[in-house]
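Trainee: After the structure tokens below, expect a handful of questions from me.
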Amino acid sequence: MNIISMTTPHFTTLSALALAAAALLSCSGEGKIDRQALVSRNNPHITEVNPLHSLNLGNGAFTLTLDATGLQTFPEYYKDGLSLGTYSEWGWHSFPDKEGYTIEETLEDHPLPGHPHGIYSVQEGLTLDQRGKAAAEWVRSNPHRMHLGNIGFAGMAPEQITDVDQTLDMWDGVLHSSFRWNGTPVKVTTVSGGDGQDLYAARISSEKALPVVIRFPYPTGQHSDDASDWGADDKHSTEIVSQSANSAVLKRTVDASTYYVSICWDGKASLETNGRNCLTLSPEGGDWSFCASFSESLPAGRAPSYGEAAKGARKLWNSYWKTSGVIDFSHCTDPRAPLLERRVVLSQYLMRVQEAQNFPPAETGMTYNSWFGKFHLEMVMWHSFHYATWNKPELLAKQLDWYLGVMPKAREIAERQGFPGVRWMKMTDPWGAETPSDVGSFIIWQQPHPIYMAELIYRATKDRKVLEKYADMVQQTAEFMASFVSYDAPADRYIIEGACAANENYNERATVNPAFEMSYWHFGLKVAQEWRERLGEGRIAEWDEIMAKLAPLSTSPDGIYLPAEKGPGIPDFVNMTVEVDNTPAAPAGGYFNGIRPKADPSAPKTVRKDGRDPFYVRATSSENLLAYGMLPECRLFNEENMQKTVTRAAENWGWKGGSWSWNYPTLMMNATRLHRTDIAVRAATMDGRSDLLLPSGNNYRSERLRMYLPGNGGLLLAVGMMCAGWDGCDEPNPGFPKDGTWDVRWEGLTPMP
């Protein structure tokens, strides 16, 4: 199951070393930061068997999730929490396509405002028959990420575990666990491997010889779950292809997907099958270790020892912490500082352990499947942009190289819809296949992302070869953007219509000029022109005209920026009306499974449910705040009105409710650019809330989204800006108050554009 070929971005040894040296010297505050102390004081500590308290090990392309025993002993018990997965970037599966479904069956000519003809891949759309709808559901759920197997203690039950004392040593990448099983003390030390080592290794110490059970599930193909069907043994198989006194190689066959698990152990132990897809490894003594290596192809040699695996993990994590950006809040006296530091450090760990892949990551990383384990390209901004500003541009470049590999698919989509250039899909997989959706097919805020990513990488390296490598992608991305706008002749302006806004409540049928997309279109075309000039090419006059005539962001009469000029529930202050839309609002994480619920014609046609004047603008939409925060200033808005907007947003923010998503980073960045440090810090600390912060550093959003990594990546991006600022900002730590309580010290951060 080979994924598309990946290439390595060009970073010369000299430029990389110079970059690292320069970044590490960029420190606000006095004295070099003790990085190991910073990381270690924030190590997760677990004291109970709790489905939401599992922890991760891995290398970013291979991730383990482990329970309180230090292994994966209770997968059923942890199923609805942070479930006990073993995932790799190469581990994907599709159910047999017995009906012969194709994506072509999901296509329809779907007229939209400004774009009367365009062939889109939809789920129900306007014209799909039952066969087409069934094809859409099959394509959406295939391929899906495959759970590679559980290894845990045999014969234990959660209620038998007491005295849990577990610490994740993030500096070395080691999980130390101790507990009592029916009164018997047990100690477990668990590691994964280094880069390129998809390993699971553990050292066990106990008075009793404790066997481990190796279990393999069949995929479920469900939208959001642990990808483990334990009752389908007849649909897959596990074969011992070789075995010796201290090792064995297993071949897994799951429909058309195959992979191998190489296992080795020290001391005397027996490996026995006790089911079609279950084996037990039983040691003779209480002190022993094992290592399991997962791979796509038959391994050439035996799995590494526990010691070799620990060495690889230590090398990876020591290097990461020594060279990445870091922020030290220990000199701050504001009582919120320790919580913010903890969020930051844990987020750094989570992003590296889950999301250092060769393609964009999924919302729940590689802990459990959400959206079938597929990834959303609009979320790349929140997952991954921070890598470039935290001295890890090579990790962002790995993901941008995936875009290069799937450009033919993106060009095909644009051509099918009648546009030049490339159109980046919303939800996809490692091969770049489009996923049908009645919402995602019309979202556009992912379109400028590759331009922004390329610019961040170039800013971090100043290497002309970066320009040469990504220039064609930048230009073709901008070509689509320029062709997507419509010219409004009576007003002599360019507008955006026929698109679903970043806030998915503003649909493609009725929304005109969504604020963030307007600002992002200006930024993307501006950067694309700058890339042409850097390479000695002339500017494109049409792009300059579009930038000069893009419609400014719309405001209320009192100067509050609206999420869009027109859209469901957005007041029309000229005619003093409000368009009514009874479609249910998008829940956390967007509309479930890509389908926007149909409006209920019998529902009361109310605009507001909070008793306020329907023409009062709360200003809490992501659209108006993202237009200045994630993006720099431009001619589409002014600071005076943006100040009014952020003030109004802070007044109406759901400080005591909601969840830690990318909404808080949005407010943080907007407030930071406007030098509203009171709002920025309040958003960064979520008003002092710690109830949604899990011990692992994950943020709990809902029963469906028990973790949401865009919130962690967004936090890093925003806090980095609060420290290092942006181009033209000469104020130290511009996002923090200057009252003496926020003595924030940092290293290795770079400004935002």
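The values are calculated or read from the model by the stated rules, or taken from the named source; none is laboratory data. Keep in mind the model is a prediction, meaning the values are calculated, not measured. Please note: Cβ atoms are built from the backbone with ideal geometry, for glycine as well, and neighbour counts cover all protein chains shown. To get the accessible areas, we keep the full protein, side chains included, count just its heavy atoms, and leave off ligands, DNA and RNA. Shrake-Rupley method; radii C 1.70, N 1.55, O 1.52, S 1.80 Å.
Trainee: Being small (Gly, Ala, Ser) and assigned to a loop (DSSP other than H, G, I, E, B) is the filter here; which residues of the stretch 708-753 pass it?
Mentor: Once the filter is applied, which keeps residues that are small (Gly, Ala, Ser) and assigned to a loop (DSSP other than H, G, I, E, B), the stretch 708-753 yields 725, 728, 735, 740, 748.
Trainee: Anything in the stretch 651-660 that is surrounded by fewer than 20 Cβ atoms within 10 Å (Cβ to Cβ) and not charged (D, E, K, R)? List them, or say none. If you could, list the steps in order and put the result at the bottom.
Mentor: Initial filter on the stretch 651-660 (surrounded by fewer than 20 Cβ atoms within 10 Å (Cβ to Cβ)): 651-652, 654-659.
652, 654, 655, 657, 658, 659 - these are the residues of the stretch 651-660 that are surrounded by fewer than 20 Cβ atoms within 10 Å (Cβ to Cβ) and not charged (D, E, K, R).
Trainee: Find all pairs meeting these conditions: Cβ atoms under 9 angstrom apart; at least six residues apart or on different chains; first residue within the stretch 242-256 and on the phi > 0 side of the Ramachandran plot; second residue open to solvent by less than 50 Å² (accessible area, probe 1.4 Å) and outside any strand (DSSP E or B).
Mentor: 255/94; 255/219
Trainee: Quick check: anything in the stretch 717-730 under 17 Å from residue 624 (Cβ atoms) and at pLDDT 95 or above? Show your work before the answer.
Mentor: As a first pass, look at the stretch 717-730 and keep what is under 17 Å from residue 624 (Cβ atoms): 718.
Still in the list and also at pLDDT 95 or above: 718.
Among the residues of the stretch 717-730, at least one is under 17 Å from residue 624 (Cβ atoms) and at pLDDT 95 or above, which makes the answer yes.
Trainee: Kindly indicate which of 352, 314 is within 30 Å of residue 386 (Cβ to Cβ) and open to solvent by 60 Å² or more (accessible area, probe 1.4 Å).
Mentor: On the way: 352 fails: open to solvent by 60 Å² or more (accessible area, probe 1.4 Å).
Result of the check over 352, 314: 314.
Trainee: Confirm whether residue 319 is free of Cβ contacts under 8 Å to residues at least 24 places away in the same chain and over 17 Å from residue 382 (Cα atoms).
Mentor: When the stated conditions are applied, residue 319 passes them.
Trainee: While we're here: Within the stretch 216-235, does at least one residue satisfy the condition of being assigned to a strand (DSSP E or B), surrounded by fewer than 22 Cβ atoms within 10 Å (Cβ to Cβ) and over 29 Å from the mean Cα position of the chain (by Cα)?
Mentor: So far as the stretch 216-235 goes, no, none of its residues is assigned to a strand (DSSP E or B), surrounded by fewer than 22 Cβ atoms within 10 Å (Cβ to Cβ) and over 29 Å from the mean Cα position of the chain (by Cα).
Rundown of residues vs (1) farther than 19 Å from residue 307 by Cα; (2) open to solvent by 10 Å² or more (accessible area, probe 1.4 Å), yes/no style:
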position: 165; (1), (2): yes, yes
position: 190; (1), (2): no, no
position: 195; (1), (2): no, yes
position: 201; (1), (2): no, no
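Trainee: Mind checking which residues of the stretch 480-523 are surrounded by fewer than 20 Cβ atoms within 10 Å (Cβ to Cβ) and small (Gly, Ala, Ser)?
Mentor: 483, 486, 489, 491, 510
Trainee: When you look at residue 454, is it aliphatic (A, V, I, L, M), in contact with a Ser or Thr (Cβ under 8 Å, 6 or more places away or on another chain), over 30 Å from residue 583 (Cβ atoms) and in a helix (DSSP H, G or I), yes or no?
Mentor: no
Trainee: Same structure, new question: Contact list please: Cβ distance under 8 Å, first residue in the stretch 517-539 and modelled with pLDDT of 95 or more, second residue surrounded by fewer than 24 Cβ atoms within 10 Å (Cβ to Cβ) and among the polar types (S, T, N, Q), pairs at least six apart or on different chains.
Mentor: 528/475; 531/475; 532/475; 539/529
Trainee: Mind counting the residues in the stretch 661-690 that are on the phi > 0 side of the Ramachandran plot and either crowded, with 18+ Cβ neighbours inside 10 Å or not in a helix (DSSP H, G or I) (or both)?
Mentor: Here is the first cut: in the stretch 661-690, the ones on the phi > 0 side of the Ramachandran plot are 675, 686-688.
Keeping just the survivors that are either crowded, with 18+ Cβ neighbours inside 10 Å or not in a helix (DSSP H, G or I) (or both) gives 675, 686.
Number of matching residues: 2.
Trainee: Output yes when any residue across the stretch 356-376 is polar (S, T, N, Q), under 30 Å from residue 93 (Cα atoms) and open to solvent by 20 Å² or more (accessible area, probe 1.4 Å), and no when none is.
Mentor: Of all residues in the stretch 356-376, those polar (S, T, N, Q) come to 357-358, 364, 367, 369-370.
Checking the rest, the ones that are also under 30 Å from residue 93 (Cα atoms) come to 357-358, 364, 367, 369-370.
This time we only want the ones that are open to solvent by 20 Å² or more (accessible area, probe 1.4 Å), so: 358.
Yes.
Trainee: Let me ask you something else. Among the residues of the stretch 270-315, which ones are under 19 Å from residue 150 (Cβ atoms), touching a strand residue (DSSP E or B) at 6+ places or on another chain (Cβ under 6 Å) and part of a loop (DSSP other than H, G, I, E, B)?
Mentor: Within the stretch 270-315, 274, 277, 303 qualify.
Trainee: Given the conditions (1) open to solvent by 30 Å² or more (accessible area, probe 1.4 Å); (2) in a strand (DSSP E or B); (3) of a type outside the set (Phe, Trp, Tyr), which single one is not true for residue 134?
Mentor: Every listed condition holds for residue 134 apart from (2).
Trainee: For residue 327, which of the numbered conditions (1) assigned to a strand (DSSP E or B); (2) open to solvent by 10 Å² or more (accessible area, probe 1.4 Å); (3) closer than 27 Å to residue 39 by Cβ fails to hold?
Mentor: Going through the list (1) assigned to a strand (DSSP E or B); (2) open to solvent by 10 Å² or more (accessible area, probe 1.4 Å); (3) closer than 27 Å to residue 39 by Cβ, residue 327 breaks only (2).
Trainee: Still on this structure, please answer the following. Which ones in the stretch 396-412 are within 21 Å of residue 324 (Cβ to Cβ), in contact (Cβ under 8 Å) with a residue 60 or more places away in the chain and out of contact with any Leu (no Cβ under 8 Å at 6 or more places or on another chain)?
Mentor: Residues satisfying the conditions are 397, 398, 400, 401.
Trainee: Also, quick follow-up: Restricting to the stretch 590-630, count the residues that are at pLDDT 75 or above, among the hydrophobic types (A, V, I, L, M, F, W, C) and either over 33 Å from the mean Cα position of the chain (by Cα) or open to solvent by 20 Å² or more (accessible area, probe 1.4 Å) (or both).
Mentor: 2
Trainee: Before we move on, is residue 358 more than 17 Å from residue 64 (Cα to Cα), of a type outside the set (Val, Ile, Thr), modelled with pLDDT of 95 or more and under 16 Å from the mean Cα position of the chain (by Cα)?
Mentor: Against the criterion (more than 17 Å from residue 64 (Cα to Cα), of a type outside the set (Val, Ile, Thr), modelled with pLDDT of 95 or more and under 16 Å from the mean Cα position of the chain (by Cα)), residue 358 qualifies.
Trainee: Take the stretch 160-175 and flag every residue that is without any contact (Cβ under 8 Å) to a residue 60 or more places away in the chain and on the phi < 0 side of the Ramachandran plot.
Mentor: Matches in the stretch 160-175: 160, 162.
Trainee: If you scan the stretch 57-70, which residues turn out to be over 18 Å from residue 186 (Cα atoms) and either open to solvent by less than 10 Å² (accessible area, probe 1.4 Å) or over 22 Å from the mean Cα position of the chain (by Cα) (or both)?
Mentor: 57, 58, 59, 60, 62, 63, 64, 65 - these are the residues of the stretch 57-70 that are over 18 Å from residue 186 (Cα atoms) and either open to solvent by less than 10 Å² (accessible area, probe 1.4 Å) or over 22 Å from the mean Cα position of the chain (by Cα) (or both).
Trainee: So which residues in the stretch 71-90 are surrounded by fewer than 24 Cβ atoms within 10 Å (Cβ to Cβ) and part of a strand (DSSP E or B), if there are any at all?
Mentor: Listed by number, the list holds a single entry, 88.
Trainee: Within the stretch 547-580, take every residue that is touching a Leu at 6+ places or on another chain (Cβ under 7 Å) and part of a loop (DSSP other than H, G, I, E, B) and give me the one that is farthest from residue 635 (Cα to Cα).
Mentor: 570
Trainee: All but one of (1) open to solvent by 10 Å² or more (accessible area, probe 1.4 Å); (2) over 22 Å from residue 660 (Cβ atoms) hold for residue 292; state the number of the condition that does not hold.
Mentor: (1)
Trainee: If you don't mind, there's one more thing I want to ask. Being within 31 Å of the chain's Cα centre (by Cα), in a strand (DSSP E or B) and under 22 Å from residue 299 (Cβ atoms) is the filter here; which residues of the stretch 156-215 pass it?
Mentor: 190, 191, 199, 200, 201, 202, 214, 215
Trainee: Quickly run through the stretch 379-406 and pick out the residues that are open to solvent by 10 Å² or more (accessible area, probe 1.4 Å) and not in a loop (DSSP other than H, G, I, E, B).
Mentor: Hits for the stretch 379-406 are 394, 395, 398, 404, 405.
Trainee: Among the residues of the stretch 91-125, which ones are of a type in the set (A, V, I, L, M) and open to solvent by less than 20 Å² (accessible area, probe 1.4 Å)?
Mentor: In the first step, residues of the stretch 91-125 are kept if they are of a type in the set (A, V, I, L, M); the result is 103, 107, 112, 119, 122.
The answer is 112, 122.
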